[in-house]
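Enquirer: Would you mind keeping the following structure in view while I ask a few things?
The values are calculated or read from the model by the stated rules, or taken from the named source; none is laboratory data. Note that the structure is predicted; figures quoted are calculated from it, not measured. With ideal geometry, Cβ positions are generated from the backbone for all residues, glycine too; neighbour counts draw on all protein chains shown.
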Amino acid sequence: MVDGDTAADVAGLSLVEAAGLIAKRKLSSEEVTLACLQRIERFGGMLAAVAGCEPGRALDHARAADAAIRQGDRAPLLGVPLAHKDMFYRRGRVSACGSRIRAGFVPDRTAAALERLDAAGALDIARLAMAEFALGVTGHNEVAGTARNPWNQDHVTGGSSSGSGVAVAAGFAYGALGSDTGGSVRFPAACCGVVGMKTTYGRVSRFGAMPLSHSLDTIGPLTRTVTDNALMLGVIGGFDARDPATSGLGVPDYLATIEDGAKGLRLGVPENHFLEPLTPEVRKLIEDAINVYRRLGAEIVAVRVPKSVAATNGMTTMITTTEGAALHARWMRERPGDYGRQTLGRLVAGALTPATTYIDALNRRPAVLAEFMAAVFDATDVLVTPVMMGPVPTIAESDVGANPGFAQKIFAMGHATRPFNYLGLPGLSVPMGFTKNGLPSSFQLVGRPFDEATLYRAARAYERETDSTRGTPDLSRLSRP
């Protein structure tokens, strides 16, 4: 056994720190895994973030990793415990996708991203909670249960990768995979105070991951630090013939330039659209973050965002629900009562979308992207935007079922995230402090296609200057829901 204080210390390490200590045999994978499992056992029920966990199997894999290390294996993530959103299939293991419909689904394949993490030596110790079928920006799930924010259980986790954000922030694992179709990596990262990368469309294979919207879905990591995130993406990225949308571009060594600093980078600050709906306290936090970059030697460049971007939030929402409805058509006919109300309502709306509207949105994308690239990235290297427009809301006030008037606010939550799913651009959520309610807040760095390396470089410069990712929630304050 690992005592409580030691477990907290070990579980509070970054992924890079844990990997280094395990590789040097200063900590064993078994010790580190046990510390995470004890955190899950003690706090998992209070946060409703874990969909499934087999401690015995996890410890067996940790012991095998320790044996491999003793024999000289130097895989980059060898023995490091990770956990992932319950939509990444593993052959022979249940993958419920946050739903009643797939509660007993056992896939016959393993997700490409998991295969690559396995090859790097990482452990997969738990399946994590998610919004039902990955439809939901807040993390609400009336079918499988709503995850709780580790900073304050009354507040949302962000969705749909809700359990991934919680698990990383709470020390259940050192990193987690999520999916992002309209903000589903960036929202949980922002709400839970961790780092989350929405990758360029085509950077990471989606083979073996539950589909929602084939023209928008992306996969990315959630971690405690920027360097952790870069390390994970370097492992999972790259071409996969089983997902024809993946790019043949090589995956760079993201760690090679991550410490190069902000000096000389051109940081774009939008004069219109993205900053307009901000609450005063979030605006102040973003202004403070921009001033940090100014001190670090970045060139701050004001940019005008094209008017065409205004429609991308709505088009992303429409594409998501339309493509989702096509995937769910049979279940919607045969098992409508097994869906949560919000999920079914969104899918029904998608089923009613005129084909001309859907096709028009797809056809407009190349022109909107070209206009955006010329207006923003001809003059800048990185664009900074919010992730959320205001403080993290409570579970009660953002429950669409109990508060129908909040539906429009939920749509508004995607104001700064969904455009980049439509455009296929990478976006990195970076913690920037806390709002007055004590919950984390984050800014987003957006880059050119497949230029995640520059986003990591810029984010690491801010992290190094501010120590913005070192805060952790005090789980001793948690209570049984």
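Enquirer: Kindly provide the set of residues from the stretch 291-303 that are under 16 Å from S468 (Cα atoms) and buried (at least 16 other Cβ atoms within 10 Å of the Cβ), ordered by number.
Expert: Answer for the stretch 291-303, where residues must be under 16 Å from S468 (Cα atoms) and buried (at least 16 other Cβ atoms within 10 Å of the Cβ): V292, Y293, L296.
Enquirer: How many of the residues in the stretch 458-473 are farther than 25 Å from N291 by Cβ and either at pLDDT 95 or above or in a helix (DSSP H, G or I) (or both)?
Expert: 1
Enquirer: Continuing with this model, one more query. Give the residue that is surrounded by the fewest Cβ atoms within 10 Å (Cβ to Cβ), with candidates limited to residues of the stretch 20-59 that are in contact with a Phe, Trp or Tyr (Cβ under 8 Å, 6 or more places away or on another chain) and under 16 Å from L123 (Cβ atoms).
Expert: R39
Enquirer: Across the stretch 423-449, what is the total count of residues that are more than 17 Å from the chain's Cα centre (by Cα), more than 18 Å from A289 (Cβ to Cβ) and either assigned to a helix (DSSP H, G or I) or not basic (K, R) (or both)?
Expert: 4
Enquirer: For the stretch 324-341, which residues satisfy the criterion of being surrounded by 22 or more Cβ atoms within 10 Å (Cβ to Cβ) and part of a helix (DSSP H, G or I)?
Expert: G324, H328
Enquirer: Take R63 and tell me if it is over 23 Å from the mean Cα position of the chain (by Cα), closer than 18 Å to D86 by Cα and either of a type outside the set (G, A, S) or part of a strand (DSSP E or B) (or both).
Expert: no
Enquirer: Going by the conditions given, is L455 among the aliphatic types (A, V, I, L, M), surrounded by 24 or more Cβ atoms within 10 Å (Cβ to Cβ), part of a helix (DSSP H, G or I) and at pLDDT 95 or above?
Expert: yes
Enquirer: Considering every residue within the stretch 279-300, establish whether at least one is within 26 Å of the chain's Cα centre (by Cα), modelled with pLDDT of 95 or more and not in a helix (DSSP H, G or I).
Expert: yes
Enquirer: Spot the failing condition for S95; the list is (1) touching a Phe, Trp or Tyr at 6+ places or on another chain (Cβ under 7 Å); (2) not in a loop (DSSP other than H, G, I, E, B), and only one is missed.
Expert: (2)
Enquirer: Restricting to the stretch 459-476, and then to whatever is touching a residue at least 60 places away in the same chain (Cβ under 8 Å) and in contact with a strand residue (DSSP E or B) (Cβ under 9 Å, 6 or more places away or on another chain), can you tell me which residue is nearest to F172 (Cα to Cα)?
Expert: In this case the residue turns out to be P473.
Enquirer: So, in the stretch 74-122, how many residues would count as being surrounded by fewer than 20 Cβ atoms within 10 Å (Cβ to Cβ), in contact with a Pro (Cβ under 7 Å, 6 or more places away or on another chain) and in contact (Cβ under 8 Å) with a residue 60 or more places away in the chain?
Expert: So the answer is 1.
Enquirer: Next question. Pull up the stretch 348-397, narrow it to residues that are free of Cβ contacts under 8 Å to residues at least 12 places away in the same chain and among the polar types (S, T, N, Q), then point me to the one that is farthest from S441 (Cα to Cα).
Expert: Once the filter is applied, the top-ranked residue is T356.
Enquirer: Okay, next question. If you take the residues in the stretch 301-323 that are among the hydrophobic types (A, V, I, L, M, F, W, C) and part of a helix (DSSP H, G or I), which one is farthest from M389 (Cα to Cα)?
Expert: I319
Enquirer: Moving to a separate point now. Considering only residues that are more than 22 Å from G208 (Cβ to Cβ) and in contact with a strand residue (DSSP E or B) (Cβ under 7 Å, 6 or more places away or on another chain), look in the stretch 175-189 and name the one that is surrounded by the fewest Cβ atoms within 10 Å (Cβ to Cβ).
Expert: Per the stated criteria, the residue is R186.
Enquirer: Assess whether R127 counts as being outside any loop (DSSP other than H, G, I, E, B), at pLDDT 95 or above and more than 17 Å from G183 (Cα to Cα).
Expert: Here the answer is yes, as R127 does meet what is asked.
Enquirer: Being modelled with pLDDT of 95 or more and within 30 Å of D467 (Cβ to Cβ) narrows it down to one residue among G250, G202, G237; which is it?
Expert: G237
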